[in-house]
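Just so it is clear, none of the values below were taken in a lab; they were calculated from the coordinates. Every value quoted in this text rests on a predicted model; they were computed, and no experiment measured them. So basically every Cβ, Gly included, is an ideal-geometry build from the backbone, and we count neighbours across all protein chains shown.
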Amino acid sequence: MSRTLKRPPRAFWCRAMLWTVAALAVAFGAVQLVPYGRDHSNPPPTNDFRWNDAGAETIARESCYDCHSNETEWWWATSIAPFSWLVQRDADEGREHLNFSEWTGDLTPEAMQDAVDEEMPPWQYLVIHWGARLSEEEKRTLVDGFASSLQAN
Ligand code: HEC
């Protein structure tokens, strides 16, 4: 047995672990006090986009409306920091760029196609909402349905 390798006693590690857990618990509690991220507003729609294609509407509601409408589903975890901060930022920024509840007529089918081909829905959303992932067929249904609905808006 080598005597040069002196390890701290097991009790030391137990205590260090307990302190770490306690510190994390305190930090977790403290971040809950930050007001940002608890807004959770879903203001009344000013101009709802009117879909005339039920398939496209279902896809949009499932994959886009949490960030691009005033019908965000604020489920329980969206109240828990720091997750709540990320969700709030996505919804605020998403609504700013495109809001199906406050339709302004700015989005073209081409721009929607680009968005779903590139980064929409964003990966951090898909990690949690696996069902929001779009197949090529769903992208086509969504963009074609959006294009045909545009005339009604
Ligand atoms: C997790 C929130 C989230 C979801 C879900 C989401 N988006 Fe977005 N979207 C954003 C954010 C944030 C931006 C603005 C920043 C950026 O471009 O990354 C954006 C930007 C866009 C833009 C660009 C608008 C412009 O100004 O040109 C389009 C188009 C778009 N999204 C379409 C979609 C479509 C279609 C879906 C559903 C298939 C979708 N998004 C789902 C958050 C989201």
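So here's what we get for this one:
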{"quantity": "Summed side-chain charge close to Gly131 - residues other than Gly131 whose Cβ falls under 14 Å, Lys, Arg +1, Asp, Glu -1", "calculated": "-2"}
{"quantity": "Cleavage-rule hits, trypsin sites (Lys or Arg not before Pro), segment 23-118, DSSP coil, Cβ neighbours within 10 Å at most 16", "calculated": "Arg38, Arg50"}
{"quantity": "Integer Hz, Karplus 6.51/-1.76/1.60 couplings in order for segment 66-82, x for Gly and Pro", "calculated": "4, 10, 10, 7, 9, 10, 4, 8, 8, 7, 3, 5, 6, 9, 9, 6, x"}
{"quantity": "Cα gyration tensor, segment 40-79 - rounded (a/c under 1.5), prolate or oblate", "calculated": "oblate"}
{"quantity": "Within a Gaussian network of the chain (alpha carbon springs, distance under 10 Å), most fluctuating of Ser69, Ser41, Ser101", "calculated": "Ser41"}
{"quantity": "Of Ser63, Ser135, Ser79, the one that fluctuates the most in a GNM where the chain has Cα springs shorter than 10 Å", "calculated": "Ser135"}
{"quantity": "Computed E for Asp106/Glu73 - FRET, C-beta separation, R0 30 angstrom, nearest 0.05", "calculated": "0.80"}
{"quantity": "Inter-label distance for Leu150 and Glu119, nm, one decimal - labels placed 7 Å from Cα along Cα-to-Cβ", "calculated": "2.3 nm"}
{"quantity": "Neighbour cut-off at most 14 other Cβ (10 Å), DSSP loop, chymotrypsin sites (Phe, Trp or Tyr not before Pro), segment 36-133", "calculated": "Tyr36, Trp75"}
{"quantity": "Derived scalar couplings ³J(HN,Hα) [segment 48-57; Karplus, 6.51 cos²θ - 1.76 cosθ + 1.60; whole Hz; x for Gly, Pro]", "calculated": "5, 5, 9, 8, 10, 10, 4, x, 5, 5"}
{"quantity": "Placed amide H near Asn47: partners under 5 Å, 5+ positions off or other chain", "calculated": "Glu102, Trp103"}
{"quantity": "At R0 = 30 Å, FRET efficiency that the Cβ-Cβ distance of Ala54 and Gln32 yields, to 0.05", "calculated": "0.15"}
{"quantity": "Value of [θ]222 nm, deg cm²/dmol, for the chain, DSSP H segments ≥ 4, -39500 (n - 2.57) each, nearest 500", "calculated": "-16500 deg cm²/dmol"}
{"quantity": "Extension reserve of the Glu136-Asp39 stretch, reckoned as 0.36 nm per residue once the Cα distance is removed", "calculated": "31.4 nm"}
